[in-house]
Amino acid sequence: MTLARFIASGCGCGFVPLAPGTVASALTLLPGALLLSAYPALLPLTAAVVVLAGLWAIRAATIDGDPGWVVVDEVAGQLLALCGLAHLSLLGMLWALLIFRALDVAKPGPIGWADRQGGAAGIMADDVIAGAVTAGILWAVGRHWPALLG
C-alpha cells in the first residue's frame with residue numbers, strides 16, 4: 001500500500017468491510033479526546049493538517065469519485081466536530097460523533113453542495129463543513145445547556 005492510499009484510507013480504517021466512515025469517525029475520537037484533554041489548542045491545528053494531508057493523498061493516489069474506502073475526510077471532519085466541546089466528556093464525545101455522522105449522511109444544504117463538487121477538494125469539503133457545523137452546534141449547546149454535554 002502506498003503512503004497516499006494509507007493516508008486516504010484513514011490509516012487503513014477505510015478497508016473495514018462495514019461502515020468504514022463511521023469506524024474512522026469513531027476511532028478518531030481517541031486521539032481527539034487526548035488532544036482535547038491535554039492540548040486543546042492543537043485540535044484545530046491537527047484537523048487542518050489532516051485536511052491538507054487528505055488533499056495531497058487523494059490527489060497523489062489519483063482517486064476518482066468518492067470511493068467508500070477514502071475516509072480521511074471523516075477523520076478531519078470528526079476532529080473539527082470535537083473543536084466545539086469546551087471540555088472532555090463521554091457524553092460530549094458521543095454527541096459529536098452522532099451529530100457529525102448524521103450531517104455527513106443526510107448532507108443538508110452546503111454539505112450536500114460540497115459533496116457534489118469534484119476532485120480532492122469535493123471529497124474533503126462535505127466532511128469539513130459537517131465537522132464545522134457540528135462544532136458550532138456543540139458550542140451553542142454547551143454555552144446554553146452545558147449539562148446536555150456532560
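The values are calculated or read from the model by the stated rules, or taken from the named source; none is laboratory data. Bear in mind that the values here come from a model prediction, so they are computed numbers and not experimental data. No Cβ is skipped: glycine too gets one built from the backbone with ideal geometry, and neighbour counts run over all protein chains shown.
Among the residues of segment 131-146, at least one is touching a residue at least 24 places away in the same chain (Cβ under 8 Å) and closer than 18 Å to Pro20 by Cβ. Is it fair to say Leu97 is modelled with pLDDT of 95 or more, surrounded by 20 or more Cβ atoms within 10 Å (Cβ to Cβ), outside any helix (DSSP H, G or I) and of a type outside the set (Phe, Trp, Tyr)? Criteria not met by Leu97. Looking only at residues of segment 24-52 that are in contact with an Asp or Glu (Cβ under 9 Å, 6 or more places away or on another chain) and more than 13 Å from Leu82 (Cβ to Cβ), we find that the one that is surrounded by the fewest Cβ atoms within 10 Å (Cβ to Cβ) is Val51.
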